[in-house]
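To start, the structure under review is shown below, and the notes come after it.
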Amino acid sequence: MTVRFKQFPGVSLSEEDFRQGKVLYQMDELKAEYAWDSGIAIGAYLAGLKRGVILGVRCSHCRKVVVPPRTVCEWCFRPMEEYVELPDTGTVNTFSLCYITWDMRRISEPEIPAVIHLDGTSELGPSSVIMGGILHKLGEVDPKEVHIGMRVQAVWKPAAERTGAITDILYFKPIR
Amino acid sequence: MTFLERDPLAPQAWFGNLPAAHRYTYGLAGERFFRALKDEGKILGSYCPKCDRTYVPATAFCERCLGELTDWRDMGLVGELHTFTVLYVDVEGRPLETPQIVGLVSFGDGGIVHFLHADPESLVIGMPMRAVLKPPHERQGSILDIQYFEPFQA
Amino acid sequence: MRKVAVIGAGMTRFVRRALETPKELSWEAARMALESCELTMDDIDAVCFGTAPDAFDGVHMNGEYASDGAGGWRKPFMRSYVGGGTGIFVPIQGWYHVASGMFDVVLVVAEEKMSSYYPHAQAAFLTIFDHTTERPLGPNLLWIFALEMNRYMSTYGLKKEDIARVAVLHKRNAAAHPCALLGDANITVEDVLNSEVLAWPVQRLDVSPVSDGAVAIVLAAEHVAKRLTDKPVWIEGVGWHLDTAYWTNRDLVYPRYVEYAARMAYEMAGIKEPRKEIHIAEPYDPFDYKALHHLEGLQLAPRGRAIELYLDGTAERDGDLPICPSGGLLGVGNPIAAAGLMKIAELFWQLRGEAGERQVPGNPRRGVAQAWGDLMQVGTVVVMGR
Ligand SMILES: [Zn+2]
Ligand SMILES: [Zn+2]
């Protein structure tokens, strides 16, 4: 490449070039509002959360218990037909201490997102194929004390305030 | 309840959005095309001598041979009405008080889509149409620096 | 199946904000690739185009939109999209266009203009998270990587200061790449460890930069390739594979999908002992730990031990298995689809002995390039040799 090409195209701009009007541009905002159909399995999951219950689903063929619920088993491609009420306890599979928001603003107290492997779901192998892993946040915990393998339990919104959403669980807190 | 039946108590839908804002640069060709429109009131095209095609709005390259286009030309402000439509409803489907005409005015082998100001009955495909520009101090380097096209009598 | 060779390549600089439109970036790369093998569009039978989420460029059907710049006019044209894996999938798509016997010469172009997404390109990734069960938690893209990195580090007891060596080596390699955005010959482990903590364990210099750019290559069937060049670089094996759609149900420690894709490609290439038979590796490195993750999936290191390649010098340009001699995504930049195809272009130049300052010594004969993407569950692998 260095033999044949001496120069490479690509004109680099800075934010200053935009501010000073050195470059022309057009701003546009996409109006992207959606109403996503909850569907059968996630609809049941949300209804369960409103009742204060985490629903998983069992494959009648390979016996895997997974969460969130779904209507087909990805692994053996058969229907998943049996809901399972899972305990609201589990183990921290992994976590992060996050100091920025989605739009890159800094926050001083970190959020603690975690993958929580819920009790009562399947696990394959010693590494971590976590059939019952869900994404949530940890709370009521000193960030320094969070560790992989920590036992945690869901902290729910009061029943009257639940709407049938993943946020009906406020966060997971350590079981002491 | 059988499994494949919806739970009637379940939320039927989840509402959300995609936070999508964009800042589009005009690029190598767009920068030159829109500066000429803004500063000189000109519509520019670019010509490929190999393929004998004139691109309007001007492009940096020929889409047929991928050659770089260096022969840029002032196309004048008068093009030819290629096609048009009369709109009676807005984007939300609400009736418009005054119907709006949108047309494609051809220049060279390309053309510009824009609003037309004319009595719809008077429009004939193939007729000359002239770009009416904003006053120079109001132009921003945008396709809206052209206010509209109107029928042109030479 | 017919033998397929890469016979030309070209690329733009990778920059933070390009003036060029997606069409123009595509054109610049396509034109260079054609020039490099002295072909014109008249010689091209079909065009394959890769670009990642439409949301970046802000154009619905961006593949079709930018098709003129990629030479798509009046050609059989197809866009493929497997997220971050696209840059290695689009040459695979080009490969089967030619290997099948349908086309003799195919132009393959990958383009990304992430800077159009304003103000922060990472917002385009929010829909990676499930809209109903995850997005209400207010996630950002870094969560997935931070969570995976933490699990990977914890499982094998890896240290941040060791993983930082990956970022250091790649960014140093990139200092010799004329198109690189973040090449830095003098960067140190301390620089990485002192950079801003974004989502622990991920710090700013662990991450590849949001970028704009395009890359193109030309593929040809054997009988054409032999006529056009005395240095064809053959595509010896291709593979791709998908894991579960639920990332929280996935093995976050080991990328099985990369292993399966690699095994598919190695079998096609007749490779039995990848560590011995591959001379250059370009694993996908959007984050430093991902290079390690992927080297293990590629069977180039035992599980949990890819870091040793960096600690003992094996990964260096003059080491026994040079890794990302291009500078990788961490150094050259990460315009998603284009970044993957950059790795293919790098192997092309390296295997022809044309990589200039970046040239790996010892006349390397074979290399592997890999990418990863979709909802973080696809592995795409190409083996190239001369
Ligand atoms: Zn099953
Ligand atoms: Zn031409």
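The values are calculated or read from the model by the stated rules, or taken from the named source; none is laboratory data. All values reported here derive from a predicted model rather than from experimental measurement. Heads up, the Cβs are rebuilt from the backbone with ideal geometry, glycines too, and the neighbour counts pull from every protein chain shown. The accessibility values were calculated without ligands, DNA or RNA, using every heavy atom of the protein model including side chains. Shrake-Rupley method; radii C 1.70, N 1.55, O 1.52, S 1.80 Å.
Quick check: Cα centre of segment C:254-279 to Cα centre of segment A:85-161, how many Å?
Centre-to-centre (Cα) distance: 35 Å.
Which Rg and Dmax, in Å, describe the Cα atoms of segment C:11-128?
14.2, 45
Would you list C:380, A:89 from the most to the least accessible area, probe 1.4 Å?
Greatest to least solvent exposure: A:89, C:380.
Antiparallel versus total DSSP beta bridges in chain A: what percent is that, nearest 5?
Taking every DSSP beta bridge with both residues in chain A, the antiparallel ones total about 95 percent.
Residue farthest toward the positive end of the dipole of segment B:27-151, with Cβ of Lys/Arg at +1 and Asp/Glu at -1: which of B:141, B:28, B:120?
About the Cα centre, the residue reaching furthest to the positive side is B:28.
Report Rg (one decimal) and Dmax (nearest whole number) for chain B, counting Cα atoms only, units Å.
Looking at chain B, its Cα Rg and Dmax stand at 21.9, 77 Å.
What do you get for trypsin sites (Lys or Arg not before Pro) in segment C:63-154 restricted to DSSP loop and a cutoff of at most 16 other Cβ within 10 Å of the site's Cβ?
Here the sparse-neighbourhood loop sites are C:74.
On the full set of protein chains, 1.4 Å probe, figure out the accessible area of residue C:276 and give it in Å² to the nearest 10.
Only protein atoms counted, so the area is about 140 Å².
So how much accessible area does residue C:78 have, in Å² to the nearest 10, using a 1.4 Å probe?
It works out to around 90 Å².
Sorted from largest down, give the three principal axis spans of the alpha carbons of the protein assembly as shown, whole angstrom values.
88, 70, 48
Amide H neighbours of residue B:133 under 5 Å, at least 5 residues apart or on other chains, H built in the peptide plane: list them.
Long-range HN contacts for residue B:133: B:147.
Would you tell me the mean number of C-beta atoms belonging to other protein chains that fall within 10 Å of each C-beta in B:138-151, as a whole number?
1
I want the antiparallel fraction of DSSP beta bridges within the protein assembly as shown, as a percent rounded to 5.
Around 85 percent antiparallel, to the nearest 5.
Full-extension gain between residue C:193 and residue C:159, please, as 0.36 nm times their residue separation minus the C-alpha to C-alpha distance.
11.1 nm
Can you figure out the FRET efficiency of residue A:15 with residue C:100, using R₀ = 51 Å and their beta-carbon distance, to the nearest 0.05?
0.65
Ignoring ligands, DNA and RNA, how do B:150, C:20 rank by accessible area with a 1.4 Å probe, largest first?
Listed by decreasing accessible area, they come as B:150, C:20.
What total accessible surface area, summed over both chains, is buried at the interface between chains B and C, computed with a 1.4 Å probe and given in Å² to the nearest 100?
By this definition, chains B and C bury close to 2500 Å².
Using the scaling law 2.2 N^0.38 Å as the reference, what is the normalised Cα Rg of segment C:203-344?
1.12
Of the accessible area of the protein assembly as shown, with the probe set at 1.4 angstrom, what percent is carbon plus sulfur?
Carbon plus sulfur share of accessible area: 51 percent.
Normalized C-alpha radius of gyration of segment C:5-65, against 2.2 N^0.38 Å?
Rounded to two decimals, the normalised Rg is 1.22.
Just by accessible area at a 1.4 angstrom probe, what is the order of B:75, A:27, C:114 from largest to smallest?
A:27, B:75, C:114
Just the number, please: percent antiparallel of the DSSP beta bridges in chain C, rounded to the nearest 5.
Given both bridge residues lie in chain C, the antiparallel proportion sits at roughly 70 percent.
Do you know which residues of segment C:189-210 lose at least 50 square angstrom of accessible area in the protein assembly compared with their chain on its own, with a 1.4 angstrom probe?
Listed by number, the residues meeting the 50 Å² cut-off are C:198, C:200.
From the square roots a ≥ b ≥ c of the eigenvalues of the alpha-carbon gyration tensor of segment C:181-270, which class results: rounded (a/c under 1.5), prolate (a/b over b/c), or oblate?
Oblate shape, in that a/c is at least 1.5 and b/c is the bigger or equal ratio.
On a straight-distance basis, which lysines could pair with residue A:31 in a cross-link, Cα separation under 22 angstrom, same-chain partners fewer than 8 positions away excluded?
The qualifying lysines are C:113.
Roughly what would the spin-label model give for residue A:27 and residue C:245, points 7 Å off Cα along C-beta, in nm?
Result: 3.7 nm between the two label points.
How large is the accessible surface of residue C:31 in square angstrom, using a 1.4 angstrom probe and rounding to the nearest 10?
The accessible area comes out at roughly 70 Å².
Label 7 Å along Cα→Cβ of residue C:276; segment C:288-319 residues with amide nitrogen under 18 Å?
C:299-302
If you take each beta carbon of peptide B:53-65 and count the beta carbons of other chains within 10 angstrom, what is the mean?
The mean count of partner-chain Cβ atoms within 10 Å per residue comes to 4.
If you count, for every residue in A:103-112, the Cβ atoms of partner chains within 10 Å of its Cβ, what is the mean?
What the average comes to for A:103-112 is 3.
What value in Å³ per residue do you get for the convex hull of the alpha-carbon atoms in segment A:36-174?
That works out to 131 Å³ per residue.
Given Cβ point charges of +1 (Lys, Arg) and -1 (Asp, Glu) and nothing else, what value in debye, to the nearest 20, does the dipole of segment A:36-174 about its Cα centre take?
Computed charge dipole of segment A:36-174: roughly 120 debye.
If you place +1 on the Cβ of every Lys and Arg, -1 on the Cβ of every Asp and Glu, and leave all else neutral, what size is the dipole of chain C about its Cα centre, to the nearest 20 Debye?
That gives chain C a dipole magnitude of about 480 debye.
R0 = 41 Å: FRET efficiency of residue B:23 with residue B:127, Cβ-based, nearest 0.05?
It comes out at approximately 0.60.
Quick one: pull the percentage of alpha-carbon pairs in segment C:263-386 with a separation above 21 Å.
31
Can you give me the convex hull volume of the Cα atoms of chain C, divided per residue and expressed in Å³?
Per residue, the Cα convex hull of chain C comes to 122 Å³.
Go through C:339-346, B:45-52 and give me the packing order, highest mean Cβ count within 10 Å leading.
C:339-346, B:45-52
Can you tally the net charge around residue C:191? Count Lys and Arg as +1, Asp and Glu as -1, for every other residue whose Cβ sits under 14 Å from the Cβ of residue C:191.
-1
Just tell me the longest site-free run in chain B, where the sites are GluC sites (Glu not before Pro) in a DSSP loop having at most 11 other beta-carbon atoms within 10 Å.
Here the longest run is B:6-91.
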